[in-house]
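A.B. asks: If you scroll down you'll find the structure; I have some questions about it.
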Amino acid sequence: EKKVGVIETWLRKHTLLFKGATRHPLILSIRDGSIDIASFKSWLAQDYLFVRAFVPFVASVLIKAWKESDESGDMEVILGGVASLEDEISWFKREASKWGISLSEVVPQQANKKYCGLLESLMSPDVEYTVAITAFWVIEVVYQESFAHCIGEGSKTPQELKETCERWGSEAFAKYCQSLQNIANRRLQKASDEELKKAEHTFLNILEYEVDFWNMSRGNV
Ligand code: HMH
């Protein structure tokens with residue numbers, strides 16, 4: 001018998017917050033073409049720093065999968081994630097140079113520091129695999145849902161931003177997020193009430209931090 005996943009239940013329960021993170025004004029302004037390029041550049045620079053902190057977080061999830069997972073296939077999915085981050089960092093460097101951004105001079109803003117601090121706390125060995133893989137999924141899916149919206153039917157996304165939107169909005173990235181969701185759902189199904197509570201709290205925390213992250217780049221409007 002196929003039960004409704006825990007994640008689907010959360011998405012229904014927390015629709016407003018999820019929409020806040022995935023239909024943020026910055027994303028809507030990319031989609032309708034009204035984006036101020038200074039805002040885009042500010043987002044790009046800050047996200048480069050975020051992704052550098054995201055790498056050790058994903059590596060920590062890989063370690064937890066190796067130690068705690070009941071399914072050997074989890075490791076391949078997470079390892080694929082680690083591998084694609086190498087390409088992503090190269091992409092950020094190329095993209096930054098295209099826009100004339102000097103990445104070595106970028107100073108992390110408060111919301112970015114806060115979010116990277118959350119990632120660091122989730123790297124602790126005390127954080128269960130179930131909680132960590134749920135966090136990993138939500139971090140990825142926010143970008144997938146956001147940028148897919150910018151390339152969907154009727155979008156007026158400027159040509160020079162399309163490559164960015166494709167990176168996270170592509171079918172391939174959607175599939176990868178689905179794999180992460182399947183792993184998270186499988187684990188959540190078997191989790192204790194205590195663990196479920198922690199995972200849901202982390203899910204909500206991340207959505208809030210994502211909204212704050214988008215908000216950082218609105219100061220330039
Ligand atoms: C802030 N969230 C942020 N940056 C990213 N690159 C991702 C998520 C990846 O999905």
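A.B. asks: Just give me the residues in the stretch 110-151 being more than 19 Å from LEU85 (Cβ to Cβ) and outside any helix (DSSP H, G or I), in sequence order.
C.D. replies: If the condition is that a residue be more than 19 Å from LEU85 (Cβ to Cβ) and outside any helix (DSSP H, G or I), then SER124, PRO125, ASP126, VAL127, GLU128 are the ones that fit.
A.B. asks: If you don't mind, another one. Just one of (1) within 14 Å of the ligand (Cβ to nearest atom); (2) farther than 22 Å from GLU208 by Cα trips up LEU103, so point out which.
C.D. replies: Failing condition for LEU103: (1).
A.B. asks: With the condition kept exactly as written, say whether any residue in the stretch 180-192 is part of a helix (DSSP H, G or I) and under 30 Å from ALA96 (Cβ atoms).
C.D. replies: Yes, because at least one residue in the stretch 180-192 is part of a helix (DSSP H, G or I) and under 30 Å from ALA96 (Cβ atoms).
A.B. asks: So, one more: Scan the stretch 1-29 for residues that are open to solvent by less than 70 Å² (accessible area, probe 1.4 Å), under 19 Å from SER217 (Cβ atoms) and in a helix (DSSP H, G or I) and jot them down.
C.D. replies: Selection gives GLY20, ALA21, THR22, PRO25, LEU26, ILE27, SER29.
A.B. asks: Only residues that are open to solvent by 20 Å² or more (accessible area, probe 1.4 Å) and within 14 Å of the ligand (Cβ to nearest atom): list them for the stretch 184-216, please.
C.D. replies: ASN205, GLU208, TYR209, VAL211, ASP212, ASN215, MET216
A.B. asks: Right, something else. What are the pairs, 6+ residues apart or on separate chains, where a residue within the stretch 57-80 that is aromatic (Phe, Trp, Tyr) has its Cβ under 9 Å from a residue that is surrounded by 14 or more Cβ atoms within 10 Å (Cβ to Cβ) and part of a loop (DSSP other than H, G, I, E, B)?
C.D. replies: Once the first residue is aromatic (Phe, Trp, Tyr) and sits in the stretch 57-80, its partners that are surrounded by 14 or more Cβ atoms within 10 Å (Cβ to Cβ) and part of a loop (DSSP other than H, G, I, E, B) give PHE57/MET123.
A.B. asks: For the stretch 142-183: of the residues being touching a helix residue (DSSP H, G or I) at 6+ places or on another chain (Cβ under 9 Å) and at pLDDT below 95, which is least open to solvent (accessible area, probe 1.4 Å)?
C.D. replies: Here the answer is GLY152.
The values are calculated or read from the model by the stated rules, or taken from the named source; none is laboratory data. Only a predicted model underlies this, so the values are computations on that prediction, with no experimental measurement involved. Cβ atoms come from the backbone with ideal geometry, glycine included; neighbour counts cover every protein chain shown. The area values use the complete protein model at the heavy-atom level, side chains included, leaving out ligands, DNA and RNA. Shrake-Rupley method; radii C 1.70, N 1.55, O 1.52, S 1.80 Å.
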